[in-house]
1. For segment 156-165, check the following and say yes or no: at least one residue is over 17 Å from the mean Cα position of the chain (by Cα) and either at pLDDT 90 or above or surrounded by 13 or more Cβ atoms within 10 Å (Cβ to Cβ) (or both).
2. Scan segment 24-33 and tell me whether some residue there is over 24 Å from the mean Cα position of the chain (by Cα) and either farther than 26 Å from R188 by Cα or among the aliphatic types (A, V, I, L, M) (or both).
3. Is it true that T33 is touching a Lys or Arg at 6+ places or on another chain (Cβ under 7 Å), of a type in the set (S, T, N, Q), in contact (Cβ under 8 Å) with a residue 12 or more places away in the chain and not in a loop (DSSP other than H, G, I, E, B)?
4. Against the definition (over 20 Å from K138 (Cβ atoms), surrounded by 12 or more Cβ atoms within 10 Å (Cβ to Cβ), basic (K, R) and under 20 Å from the mean Cα position of the chain (by Cα)), how does R227 come out, yes or no?
5. Every residue in segment 192-228 that is closer than 17 Å to S161 by Cα, of a type in the set (G, A, S) and either free of Cβ contacts under 8 Å to residues at least 12 places away in the same chain or outside the structural domain of L166 (by TED's automatic domain parsing) (or both), please.
6. Scan segment 62-120 for residues that are touching a residue at least 24 places away in the same chain (Cβ under 8 Å), over 20 Å from the mean Cα position of the chain (by Cα) and outside any loop (DSSP other than H, G, I, E, B) and report the count.
Amino acid sequence: MTLLAPALQQYFTDYAHAQRDLSPNTIAAYRDTWRLLIKHVTATTNVPAGKLELDMLDAHAVAGLLDHLQAQRGNSARTRNARLSAIRAVLAYALPDHPEHADTITRVLAIPARRSPEPVLQYLTPEETDALLGAPDKGTWTGRRDHALLTLAIQTGLRISELTSLTTSDIHLGTGPHVTCLGKGRRRRATPLTPATVTVLTGYLTERLTRKGSALFPGPAGQHLSRDALEHRLAKYLALAAQACPSLAAKHITMHSLRHSAAMNLLAAGVDVAVISLWLGHRHTASSDAYLHADMAIKQAAIDRTRPPDTTPGTYRPEPDILAWLNSL
């Protein structure tokens with residue numbers, strides 16, 4: 001009999017922190033996945049969480065959770081696959097120490113990721129951006145904070161985790177204004193700020209520094225805002241902005257969509273996709289190819305360069321009587 005609890009404790013306290021030094025976001029995502037799995041197994045087996053054994057987490061139990069996530073919680077295939085990766089990571093670590101459960105663990109590791117079509121990339125047009133930035137009530141502290149947050153997010157394309165972790169010392173408004181952040185994979189980068197963003201942040205920081213805490217965009221007690229808080233605030237402003245810009249009502253916009261909007265703005269300005277990849281902090285430049293697919297202007301320019309269907313193929317040859325040809329123009 002091998003209880004699950006010691007294996008989980010060893011992974012999260014020793015391996016994840018001391019050996020792998022995984023980021024807090026990764027550890028939190030893995031932790032939440034295992035909480036979901038344990039709750040699912042205890043509900044289906046009536047066995048208390050502290051009494052669960054490794055062999056109870058077989059392929060059937062894991063597949064049941066994955067199906068539940070998609071059918072009952074409405075999770076996408078991408079979220080389902082991320083949960084599966086978290087389960088695999090812990091069981092793969094436990095496998096060498098528990099060869100007696102090799103058959104059970106191997107079957108879980110063999111569960112395939114679910115394939116799905118790539119979702120349509122959602123981003124804001126310039127008109128929609130103006131409507132969204134005009135939604136916060138600048139007559140209140142919360143409205144001014146949210147306006148500065150949205151302005152920074154749309155211009156820089158920072159991830160939601162990067163935005164929520166910013167402090168006042170990460171903003172540099174002197175010569176060469178920029179914002180620094182610790183991004184995905186612990187890669188630190190600096191992103192330039194436009195004059196318009198600098199103007200907004202200058203006024204905001206003057207007021208922000210009179211309040212407690214070091215978070216750039218603080219909550220009521222000066223603490224960093226949560227991811228859920230940002231999404232909640234965005235949904236509120238989208239509903240207000242949709243009254244002035246109805247096209248917003250037909251789009252599913254999240255905080256990550258603001259990141260897409262920053263990339264599409266750069267692409268529309270003629271910035272090379274490799275530079276956009278560096279701007280967004282992508283590890284591989286291929287990650288930015290999706291913006292090329294989403295930009296209809298690039299596709300239109302490509303089709304404009306093609307030969308019209310009624311043109312006879314071949315090398316151009318001028319008319320023999322050049323004067324008659326000129327007269328015909």
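1. Kept after step one, since they are over 17 Å from the mean Cα position of the chain (by Cα), are these residues of segment 156-165: none.
No: zero hits.
2. Residues of segment 24-33 over 24 Å from the mean Cα position of the chain (by Cα): none.
Within segment 24-33, none of the residues are over 24 Å from the mean Cα position of the chain (by Cα) and either farther than 26 Å from R188 by Cα or among the aliphatic types (A, V, I, L, M) (or both).
3. Yes; evaluated as a whole, the condition is true for this residue.
4. Numbers: over 20 Å from K138 (Cβ atoms): yes; surrounded by 12 or more Cβ atoms within 10 Å (Cβ to Cβ): yes; basic (K, R): yes; under 20 Å from the mean Cα position of the chain (by Cα): yes.
Criteria met by R227.
5. We begin by selecting, within segment 192-228, every residue closer than 17 Å to S161 by Cα; these are 214-219, 223-228.
Now drop any that are not of a type in the set (G, A, S), which leaves 214-215, 219, 226.
Within segment 192-228, G219 is the sole residue that qualifies.
6. Going through segment 62-120 one residue at a time, the tally reaches 19.
The values are calculated or read from the model by the stated rules, or taken from the named source; none is laboratory data. Everything numeric here is computed off the predicted structure, so don't read it as measured data. Methodologically, a virtual Cβ is constructed for each residue, glycine included, from the backbone with ideal geometry; neighbour enumeration extends over all protein chains shown.
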